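J.: Once you've had a glance at the structure underneath, I'll fire off some questions.
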Amino acid sequence: MNQVATAATMRHINRSAILDLIREKEPISRSQLAHLLNLSLPTVMRIVEDLMEEDLVRPSGASEATRGRPRSLLNFNGNAYAVIGVDLGGTKMVGALADLSGNIRHEIYLPHENGSDDHVERLCELIEQLLNTPRPPGQRIRGVGVGAPGLTLSPEGTVIWAPSLNWRDLPLQKILTERFDLPVFVENDVNLAALGEWGFGAGRGANNLICIAVGTGIGAGVMIGGSLFRGYHQGAGEIGYMLPGVQFLGRRHDQFGALESLASGTGIAERACQLLTEEGRHEEARGLTAEDVFNAARRDEMWAKKIVAETADFLGLAVGNIASILDPEVVILGGGVAKSADLLIPLILKRLEGVVPFLPRLVASPLDRRAAVMGAIVLVLNGTTEYYVVKRVH
């Protein structure tokens, strides 16, 4: 029995490696796959045949070999299936219908209604709209991936605590699976964004990356060895609770954490309002947002530049601590505040020079608000193919 289990596991590992390599290197031949993965050609041929039967891989023609017969090439058939991805967000839902290659066919933005507690029903309505979106002939729905803004248990997809939605112990994956009769996967939204960056964004080809989302709150998705790291309580990446100084010890942080209170979009706006109020500029402080602060800094207004510099320091503490503990290849800054990454990143890097042994590459997310939706594609594809992580060799 153990030998059968081991053989089956190895087959799934090989299948995952072959599918990953076809997606990354397409078009590619069977003999190239065998060479690059150190597998026998018959093994590769059997697995490719299975992938073609599932319509995940298709032939793309032939390349002329330097000697012998031309080699048949393979492409990833991303258009065969569609995925519905939803980022619940703190203030709005973002949903999209996309194929497995990341081509988005339709997007929906749905603000959360003030005073409404029926977020589950609104989520179901959004998914229903995306299911009814016209698709290319023959394209099937592979599954649904949802990112929740809070502590979420995997693989059961239970949202333990999402303050912005007032959810506690909500079995969201079970609810959606029963409602739509499709494979459904629910993950923390920043973890989902990290998967999106790994599959389609600034983290492509990286084994170790951190995706930091700075918006209403602050969170991080941690990928080590090509897979999500969740921690013992599945709370890894809750860096909004990171302590920016000893003065935050001995306090309770039930809603939002210490770092979030200073460097999230909400925290930036509150610090700016306090500064302007202290200067007697009450009218300017009224209704101020983080975006207003960054716009004022671009206009070279000193009060705003002071707030931005402090924000860079707080985020620099987070990046420096993460670099010291995990030594990632790349740290990706995402979320709403990342729209001003051009102001923040140079300041963060300057403040971290010589502070940590190895400073990671620090970049803004190229996927922006679509990161979690792109992560849903990776999550659904992996979840429906018995996927095994295969470390990428550079």
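J.: How far apart, in nm, are two points set 7 Å out from the Cα along the Cα-to-Cβ line at ASN166 and at LEU182?
T.: 2.9
J.: What does the charge dipole of the chain about its Cα centre add up to, to the nearest 20 debye, if the Cβ of each Lys and Arg holds +1 and the Cβ of each Asp and Glu holds -1?
T.: Dipole size: approximately 1380 debye.
J.: Rounded to the nearest 0.05, what FRET efficiency do THR9 and TYR232 have when you use their Cβ-Cβ distance and R0 = 25 Å?
T.: For R0 = 25 Å, the calculated efficiency reads 0.50.
J.: Separate question: Would you please give the residues with an amide H less than 5 Å from that of VAL57, counting only those at least 5 places away or on a separate chain, with H modeled from the backbone geometry?
T.: Correct list: MET52, ASN77.
J.: With the full set of protein chains in place, find how many percent of the accessible area of segment 231-370 is carbon and sulfur; take the probe as 1.4 Å.
T.: Within segment 231-370, the accessible surface is 54 percent carbon and sulfur.
J.: Further question: Taking the solvent-accessible surface of protein heavy atoms with a 1.4 Å probe, what is the per residue accessible area of segment 181-263 in Å²?
T.: 40
J.: Further question: Which ³J(HN,Hα) values, rounded to whole Hz and listed in residue order, are derived for segment 356-364 from phi using the Karplus coefficients 6.51, -1.76 and 1.60 in 6.51 cos²θ - 1.76 cosθ + 1.60 with θ = phi - 60°, glycine and proline given as x?
T.: Going residue by residue, I get 10, x, 9, 8, x, 5, 10, 9, 7 Hz, with x marking Gly and Pro.
J.: Something else now. Candidates (i) 41, 24, 19; (ii) 45, 22, 18; (iii) 34, 25, 19; which is the computed semi-axes √(5λ) of the Cα gyration tensor in Å?
T.: The value matching this structure is (i).
J.: A further question on this structure: Could you please report the charge total around ILE28, scoring K, R as +1 and D, E as -1 over all other residues with beta-carbon less than 14 angstrom from its beta-carbon?
T.: Neighbour charge sum, excluding ILE28 itself: +2.
J.: While we're looking at this one, here's another question. Just to make sure I understand: if all protein chains stay in place, what is the order of TYR241, TYR81 by accessible area at 1.4 Å, largest first?
T.: Sorted by accessible area, descending: TYR241, TYR81.
J.: Of all chymotrypsin sites (Phe, Trp or Tyr not before Pro) in segment 172-232, which ones are in loop regions per DSSP and have a Cβ with at most 11 other Cβ atoms within 10 Å?
T.: In loop regions of segment 172-232 (DSSP not H, G, I, E or B), the sparsely surrounded chymotrypsin sites (Phe, Trp or Tyr not before Pro) are TYR232.
J.: Could you work out [θ]222 nm for the chain from helices alone, using -39500 (n - 2.57) per DSSP H run of at least four and dividing by all its residues? Round to the nearest 500 deg cm²/dmol.
T.: -13000 deg cm²/dmol, from helical runs alone.
J.: To continue, here is another question. Please give the net charge around GLU386, taking every other residue with its beta carbon less than 13 angstrom from that of GLU386, where Lys and Arg add +1 and Asp and Glu add -1.
T.: Residues close to GLU386 contribute a combined charge of 0.
J.: Moving to a separate point now. Between GLU329 and ASN38, what length comes free when the chain is fully extended (0.36 nm per residue of separation minus the Cα-Cα distance, one decimal in nm)?
T.: Going from the current span to full extension adds 102.2 nm.
J.: Further question on the same structure: Give the calculated FRET efficiency between ARG204 and ARG122 to the nearest 0.05, with a Förster radius of 25 Å applied to their Cβ-Cβ distance.
T.: 0.15
J.: Please turn the phi angles of segment 376-384 into ³J(HN,Hα) values with the Karplus equation 6.51 cos²θ - 1.76 cosθ + 1.60 (θ = phi - 60°), one per residue in order, whole Hz, x for glycine and proline.
T.: 4, 4, 4, 4, 5, 4, 5, x, 9
J.: Here's a follow-up. Let me check I've understood the local charge: for GLY219, count other residues with C-beta under 11 angstrom from its C-beta, Lys and Arg +1, Asp and Glu -1. What total comes out?
T.: Summing Lys and Arg as +1 and Asp and Glu as -1 gives -3.
The values are calculated or read from the model by the stated rules, or taken from the named source; none is laboratory data. Since the structure is predicted, the reported quantities are computational estimates derived from the model, not experimental observations. For neighbour counting, all protein chains shown are included, and Cβ atoms are generated from backbone atoms with ideal geometry for every residue, glycine included. These accessible areas exclude ligands, DNA and RNA; they are computed on the full protein's heavy atoms, side chains included. Shrake-Rupley method; radii C 1.70, N 1.55, O 1.52, S 1.80 Å.
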